Amino acid sequence: FNDPVAFARDHFRWPTDPITGQPMWLTGYQQKILNRVVEKKRVAFYGPRGSGKTRVMAEAILWFYFTRDGEVDFKVPVTAGGYRQIEEYLFPEVHSLCRILRWDKLGRRPLSRRDELMKLSIEGTTGRVFGGAATDPNLIEGGHAPQVLYILDESKAIADGIYDSIEGTGVAAGLDNREMYILSGSTPGAKLGRFWQICNGESGFEDWDAIHITAEECIRAGRMNPEWAKQRARQWSTSSALFQCHVLGRFADA
């Protein structure tokens with residue numbers, strides 16, 4: 001319930017690395033992000049292309065769903081800077097992870113694709129996961145339940161009003177076992193907007209925890225080819241906004 005990393009470790013049939021013989025599961029920085037969700041409640045993370053941001057969010061969704069369903073009322077609203085990100089990347093990753101779940105360990109049958117594991121939702125006994133585009137702040141205000149986890153993907157393109165609407169639903173968080181968690185992640189963009197303000201640690205966002213995934217961490221974890229990074233430095237130049245955002249995972253001035 002309070003340990004998403006243990007859930008990920010124990011409840012999936014992770015493939016084995018053919019060289020090391022070790023399970024190919026979460027990187028160190030992915031584990032750190034999941035742990036911080038429980039510790040800090042509001043977590044924003046940003047990093048280079050290919051760092052596994054979508055995997056972290058899919059893991060968080062399944063952890064929250066399976067540890068709450070049947071035990072407590074919950075909701076997991078999922079949104080992104082673009083609807084395509086939800087439809088083509090995030091929910092397909094959720095479905096992919098469901099295929100390697102250890103249902104025997106969970107003590108339940110696999111989710112039915114007819115009425116439980118839908119294209120953009122997961123229906124539960126005491127709650128649900130549901131996705132939608134971040135186009136209207138009014139549509140995301142109904143996330144009221146004793147346990148709520150907001151998932152915000154490609155957050156650099158999410159309007160400030162969406163964040164404000166989410167904060168409005170957290171008025172009772174921390175009271176009578178009611179908890180609201182927010183996991184917001186993205187490749188970085190320009191130095192503007194609410195996601196940038198949070199990641200930059202600006203005044204008013206002290207209750208957020210911002211995590212930067214570095215290129216070095218991605219290379220060590222086998223998530224980035226160092227030769228690709230070197231070639232992009234020659235192609236774009238290390239001072240370019242493209243290199244800063246896509247390779248170094250840093251916000252750019254333009």
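The values are calculated or read from the model by the stated rules, or taken from the named source; none is laboratory data. Because the structure is a prediction, the values reported are computed rather than measured. Positions of Cβ are generated from backbone atoms using ideal geometry, with glycine treated the same way; all protein chains shown enter the neighbour counts. Surface areas here come from the heavy atoms of the whole protein model, side chains and all, with no ligands, DNA or RNA. Shrake-Rupley method; radii C 1.70, N 1.55, O 1.52, S 1.80 Å.
For region 53-85, a tally of residues being at pLDDT below 95 and among the small types (Gly, Ala, Ser) returns 3. Scanning region 1-26 for residues that are touching a Phe, Trp or Tyr at 6+ places or on another chain (Cβ under 8 Å) and either farther than 23 Å from Gln147 by Cα or not hydrophobic (A, V, I, L, M, F, W, C) (or both) returns Pro4, Arg9, His11, Phe12, Trp14, Pro23, Met24, Trp25. For region 83-119, a residue qualifies if it is under 16 Å from Phe64 (Cα atoms) and of a type in the set (A, V, I, L, M), and the qualifying residues are Leu90, Val94, Leu97, Leu101, Leu106, Leu111, Leu117.
One residue stands out in region 57-77 among those that are among the small types (Gly, Ala, Ser) and within 12 Å of the chain's Cα centre (by Cα): the one that is farthest from Gly131 (Cα to Cα), namely Ala60. Looking across region 105-115 at every residue that is over 23 Å from the mean Cα position of the chain (by Cα) and either closer than 18 Å to Pro4 by Cα or of a type in the set (A, V, I, L, M) (or both), the one that is most open to solvent (accessible area, probe 1.4 Å) is identified as Lys105. Among the residues of this structure, Phe7 does not count as one that is modelled with pLDDT of 95 or more and under 15 Å from the mean Cα position of the chain (by Cα). Could you list, in sequence order, all residues of region 1-35 that are more than 18 Å from Glu93 (Cα to Cα) and touching a residue at least 24 places away in the same chain (Cβ under 8 Å)? If the condition is that a residue be more than 18 Å from Glu93 (Cα to Cα) and touching a residue at least 24 places away in the same chain (Cβ under 8 Å), then Phe1, Asn2, Asp3, Asp10, Gly28, Tyr29, Lys32, Asn35 are the ones that fit.
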